[in-house]
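Just so it is clear, none of the values below were taken in a lab; they were calculated from the coordinates. Note that the structure is predicted; figures quoted are calculated from it, not measured. When we count neighbours, we look across all protein chains shown, and the Cβ atoms used for this are built from the backbone with ideal geometry, even at glycine.
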Amino acid sequence: MTAPRWVGVAGPTASGKSALALDLAAALAAGGRAVEIVSVDSALVYRGLDVGTAKPPAAERARVPHHLIDIRDPTQPYSAAQFAADATRQIGEIAARGALPLLVGGTMLYFKALIDGLDAIPAADPAIRAALDAEAAARGWPALHAELARVDPATAARLPPNDAQRIQRALEVWRATGRPLSSFHRRADAPRPPPPDALLVALEPASRAWLHARIDARFAAMLDAGLVAEVQALRARGDLHPGLPALRSVGYRQVWAALDAGLAGAALRERVHATGSAATRQLAKRQLTWLRGMPWRRVVAADAPPAEVLGAARSILRDAGLG
């Protein structure tokens, strides 16, 4: 059996992906196999977004080389297609150095772009987006969600009424092409064989309550670590706005909205903790749905004791011929 060329560690937010990746890297290094980590995270690519992204600290990045972190300014968009190209290049370069590429993160569209390629969805149209932003300001995103339900019920059914980013994208595609966004995704519904060069380890908790408690604790820790001050510094730059992809990330958009509403102190923290945790739970639900669409993935119970999580992941790697 040929060993996979790269290994992915995927899972919902707060499931312990980064900790497992570092533990795996240490265990494999002890056996003589070098590891380099490639981030699969649409927010970690941005410089200045540190607290709200749980960006690995410098000490961790010194222990194990990390790639595709801090490669864009928040004003610069970064697409799944760009990620697929960058990750493919990184995988080749890491393998050429004799190390194992370990792709770690929770941006499932990035994994899909790398593994399956992308559907031929039209590029963003700034004029249509600006028009939709203006309509949302006047009517509210629930009204635009209702419009989406009329033209693309399949997409609307999986989006909450205030998911501004995804509602906007779906309506943008409809207005640009006259086709519902869901029509571009039909080919993804067909069963797919596992990729011949990859192994995907999926951290999935048996208990949803365990994950929700972790999400709440993680969001509180980000607030304690200075998330609000980080967003205030980003606002003070003067060239950023909440419509940018970087600032639509969970956490950032909730703090930005609370600051826009004039909240401060305990009231701001209470609002952001509630809205940010709720948005993160919705994100985690979508991430788990994506993972279940990859039946060839190898599942590890994220809520098992850490030693058991590491042991299960190492067993999967050994079975694949990776030591």
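Structure summary
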| quantity | calculated |
| --- | --- |
| Ranked list, fewest to most other Cβ atoms within 10 Å of each Cβ, for D224, D163 | D224, D163 |
| Reduced Cα scattering model of the range 126-188, Debye log10 I(q)/I(0), q = 0.17, 0.22 Å⁻¹ | -0.50, -0.82 |
| Reciprocal mean inverse distance between Cα atoms of the range 229-282 - Kirkwood radius, Å | 11.3 |
| Listed candidates (1) 30.6; (2) 18.5; (3) 16.7 - label of the one calculated as mean projected area of the Cα convex hull in nm² | (3) |
| Partner aspartates and glutamates for K285 [C-alpha distance under 13 Å; skip if fewer than 8 residues away on the same chain] | E204 |
| Sequence-separation-based contact order of the range 126-188, relative, with Cα cut under 8 Å and 6+ spacing, percent | 32 |
